[in-house]
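The values are calculated or read from the model by the stated rules, or taken from the named source; none is laboratory data. This one's a predicted model, so the numbers in the text were calculated from it and none came from an experiment. All Cβ positions, even for glycine, are placed from backbone atoms using ideal geometry, and neighbour counts span all protein chains on display.
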Ligand SMILES: *Cc1c(COP(=O)(O)O)cnc(C)c1O
């Protein structure tokens, strides 16, 4: 299978190259040249598979000939072996035709694990075959860092450095990063803000000598392999509620548009998805787009669902590419204009096309807490604030949706204990594999907010002279 860039001028690549490249060279995002399509009989035949078996069937056409069936199977068996339930992603019934798909049973108890646990071994496999090594450098305000660390720990071809703002991430989030004792994992607490960390990572990538010498790479949310792994659980849940003989709809708490784009991809592959309902917090750039056809930047507002506190949704460009009939030059003009003015609009026809599948709703912190309290009262389930935004969106859409509706739960409530306790009166307990988290030893280097100091620390660490 070949991949093309959403901006039309980067080289066409295969899966392994797309995996390592991340962003395309023209600044675009990679998407498949054409979608693999499963007919109803094929989808029906997937019904009784285990999660890793289903993942194999879904992911195989995207990987093409770049990884053998045997290796792909082994990678997937390993990837989902570190989840705390054999089901991997349990589906719970909340109400008539209303379900909750739990995507937080991985090592860091948030949905990023669903893709990262696949991405880490996949990177390692491809790098070893090519006899290459990479240095992954990333900045985190909390969640993504720990998911990336868990995915890359103990992998022979990878060193990973994660920068986080010293004293500005939650205790659970810090501990999930710093207690990983693997020799290839390096946490750096920068005496600065998250933005300082992010700027520093950008500057390290812009330092071409440094980037080429250490083969810098990223595992951020635009990596195509992450989307591929996320398509699997849309099929998983749909099969359990009666697809392909019944249509299904999903409600998705959304930030960078990565999770819900995987739902769009599943529909392109033939899964009968009727509606994709987006939930946003007060950072509602997507919800406003699906209301008006205009995308407009509006700053970032801190909320109790911080993993959705975004300024722009990077993966949205993949949908835009299809709305523009796969005209990369048109996408580039649109994005260039957006960069300049902070705003763009699509045509009425394009807006109609988007609205045929998507709708969006926003919820502020008070509404999110009210939903946590309501669901606890109704069902005894504790939702984290991100999942609560998803369920709230599902409830808003439910009156006009005639299919089973599956809301995606993207984090375990114990990942955000303060907001959950304030809303429900219940203090959520950490799952068994993390109960001793606060007793574990930590390993992290505190470094000044100074690019040269951070760079020389990374070099010394890689040379083994730190
Ligand atoms: C990353 C994240 C989201 C948002 O997902 P996108 O793919 O960025 O839309 C929602 N909830 C949680 C808990 C997350 O970590």
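Output the residue which, of all residues in segment 70-110 that are within 16 Å of the ligand (Cβ to nearest atom) and in contact with a strand residue (DSSP E or B) (Cβ under 7 Å, 6 or more places away or on another chain), is farthest from residue 247 (Cα to Cα). Result: 109. Taken over segment 287-303, the criterion of being assigned to a loop (DSSP other than H, G, I, E, B) and at pLDDT 95 or above is satisfied by 293 alone. For the subset of segment 127-144 comprising residues that are within 16 Å of the ligand (Cβ to nearest atom) and closer than 23 Å to residue 463 by Cα, which member is surrounded by the most Cβ atoms within 10 Å (Cβ to Cβ)? The extreme case among them is 139. Would you check if there is a residue in segment 262-281 being under 18 Å from the mean Cα position of the chain (by Cα), within 12 Å of the ligand (Cβ to nearest atom) and under 19 Å from residue 148 (Cβ atoms)? Scanning segment 262-281 turns up at least one residue that is under 18 Å from the mean Cα position of the chain (by Cα), within 12 Å of the ligand (Cβ to nearest atom) and under 19 Å from residue 148 (Cβ atoms).
For segment 169-198, a residue qualifies if it is surrounded by 16 or more Cβ atoms within 10 Å (Cβ to Cβ), under 14 Å from residue 449 (Cα atoms) and over 21 Å from the mean Cα position of the chain (by Cα), and the qualifying residues are 188, 189, 190, 192, 196.
To keep it simple, each residue is scored yes or no on (1) under 14 Å from residue 3 (Cα atoms); (2) in contact with a helix residue (DSSP H, G or I) (Cβ under 9 Å, 6 or more places away or on another chain); (3) surrounded by fewer than 16 Cβ atoms within 10 Å (Cβ to Cβ).
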| site | (1), (2), (3) |
| --- | --- |
| 30 | yes, yes, no |
| 34 | yes, no, yes |
| 37 | no, yes, yes |
| 41 | no, no, yes |
| 50 | no, yes, yes |
| 56 | no, yes, no |
| 77 | no, yes, yes |
| 91 | no, yes, no |
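Does segment 415-430 contain at least one residue that is at pLDDT below 95, exposed (fewer than 15 other Cβ atoms within 10 Å of the Cβ) and in contact with a helix residue (DSSP H, G or I) (Cβ under 8 Å, 6 or more places away or on another chain)? Checked against the condition, which is being at pLDDT below 95, exposed (fewer than 15 other Cβ atoms within 10 Å of the Cβ) and in contact with a helix residue (DSSP H, G or I) (Cβ under 8 Å, 6 or more places away or on another chain), segment 415-430 yields at least one hit. Pairing each residue of segment 409-436 that is without any contact (Cβ under 8 Å) to a residue 40 or more places away in the chain with any residue that is away from the ligand (no atom under 16 Å from the Cβ) and not in a helix (DSSP H, G or I), provided the two are 6+ apart or on different chains, yields C-beta distances under 6 Å for 421/427.
The helices (runs of 4 or more DSSP H) found wholly in segment 332-427 and carrying at least 2 residues that are within 16 Å of the ligand (Cβ to nearest atom) and more than 17 Å from residue 253 (Cβ to Cβ) occupy 417-424. Screening residue 458 against (1) within 28 Å of the chain's Cα centre (by Cα); (2) outside any helix (DSSP H, G or I) leaves a single unmet condition, (2). Put simply, of 326, 288 the only residue that is under 18 Å from residue 349 (Cα atoms) and within 16 Å of the ligand (Cβ to nearest atom) is 288. Filtering segment 271-282 to residues that are touching a helix residue (DSSP H, G or I) at 6+ places or on another chain (Cβ under 6 Å) and in a loop (DSSP other than H, G, I, E, B) leaves 271, 281. Across segment 305-314, the qualifying residues are those that are buried (at least 22 other Cβ atoms within 10 Å of the Cβ), more than 14 Å from residue 343 (Cα to Cα) and within 13 Å of the chain's Cα centre (by Cα), and the one among them that is nearest to the ligand (Cβ to nearest atom) is 307.
Given segment 192-260, what helices (runs of 4 or more DSSP H) lie entirely inside it while holding 2 or more residues that are within 16 Å of the ligand (Cβ to nearest atom) and under 25 Å from residue 396 (Cα atoms)?
Where helices (runs of 4 or more DSSP H) fall fully within segment 192-260 and carry at least 2 residues being within 16 Å of the ligand (Cβ to nearest atom) and under 25 Å from residue 396 (Cα atoms), they are 224-240.
Of the conditions (1) surrounded by 21 or more Cβ atoms within 10 Å (Cβ to Cβ); (2) at negative phi, residue 109 satisfies every one except a single condition; which number is it? Checking residue 109 against (1) surrounded by 21 or more Cβ atoms within 10 Å (Cβ to Cβ); (2) at negative phi, the one that fails is (2).
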